[in-house]
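The values are calculated or read from the model by the stated rules, or taken from the named source; none is laboratory data. Please read all numbers here as calculations on a predicted model, not as lab measurements. Quick reminder, even Gly has a Cβ in these numbers, built from the backbone with ideal geometry, and neighbours come from all protein chains shown. Surface accessibility is based on the protein's heavy atoms, side chains included, excluding ligands, DNA and RNA. Shrake-Rupley method; radii C 1.70, N 1.55, O 1.52, S 1.80 Å.
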Amino acid sequence: MSLGPASITPLTPLGLLARPLPRRPLERLLQGLADRLVERHPEMLDRVADAGSARLYLRASDLPWHALIAIESDRAEVWLLDEAPGESEWDAAIEGPLARLLATAGGTDDGDALFFSREIRVTGNSDLAVALRNALDGAEIDFVDELSGMFGPASGLATRGIGALVDAYRAAETGLDHVKTEWRAPLAARIDAQAREIAALKAEVERLRRRAPRGRPTGASSASSASSQKETI
């Protein structure tokens, strides 16, 4: 799967640097978060149960790992992989920048708008993807609260730390958007100028075509030649 230019985020260079790091600690953290969500929001799995047991492939395009989630009636099991799983190993796949995936799951972003802008791509069993989205919308999950709650007595400190990271990410994203705009502006101007030149050339070609004298029809030329031959004879 591939996304549009918006998939480049402030996390992209960090994701490249993180590639050599072991994935097990993060996998355990994600499994703990999944267990907490199932325990605190059991209605989520009830809503997804209509789609049956399924495997969901989540791909954060700005991180080096691939997440495979097995959804059962009472549990969600998470695997973090170094390589993308084969299409036979999942039922539905959702890909996009991490911040967009979390915002969509938390209901703070419009998933339909992100889909049509190609910031998020969904493939495979669309019924499963829709059921999962409806389940998350109904649960109204605050992922910052859920994640910080895993730290027990230090949850307040964790909340402040996560909040600081979120603020830093948003500031970096704003700066990156500005750089993208500045970089695209000259390119867009060149494309517009080339489009105007092509339109002018087409208009000139059409003008010359209309002014060019039309040749005598082939049939008329043949008839005139035959008549001349008869007069000669």
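For beta carbons closer than 7 Å, sequence separation of 6+ or different chains, a first residue in segment 84-98 that is touching a residue at least 24 places away in the same chain (Cβ under 8 Å) and among the hydrophobic types (A, V, I, L, M, F, W, C) and a second that is assigned to a strand (DSSP E or B) and surrounded by fewer than 16 Cβ atoms within 10 Å (Cβ to Cβ), the qualifying pairs are Ala93/Thr123. The set of residues in segment 13-28 that are of a type outside the set (Gly, Ala, Ser), open to solvent by less than 90 Å² (accessible area, probe 1.4 Å) and either touching a residue at least 12 places away in the same chain (Cβ under 8 Å) or touching a Lys or Arg at 6+ places or on another chain (Cβ under 7 Å) (or both) comprises Arg23, Leu26, Glu27. Return yes when Glu39 is open to solvent by 60 Å² or more (accessible area, probe 1.4 Å) and either closer than 17 Å to Gly149 by Cα or aromatic (Phe, Trp, Tyr) (or both) and no when it is not. Yes; evaluated as a whole, the condition is true for this residue.
The sole residue among Leu81, Leu58 that is surrounded by fewer than 20 Cβ atoms within 10 Å (Cβ to Cβ) and under 24 Å from the mean Cα position of the chain (by Cα) is Leu81. Listed by position, the helices (runs of 4 or more DSSP H) inside segment 104-168 whose residues that are at pLDDT 80 or above and touching a Lys or Arg at 6+ places or on another chain (Cβ under 7 Å) number at least 1 are 126-139, 143-149. For segment 10-64, the tally of residues that are assigned to a loop (DSSP other than H, G, I, E, B) and modelled with pLDDT under 80 stands at 3.
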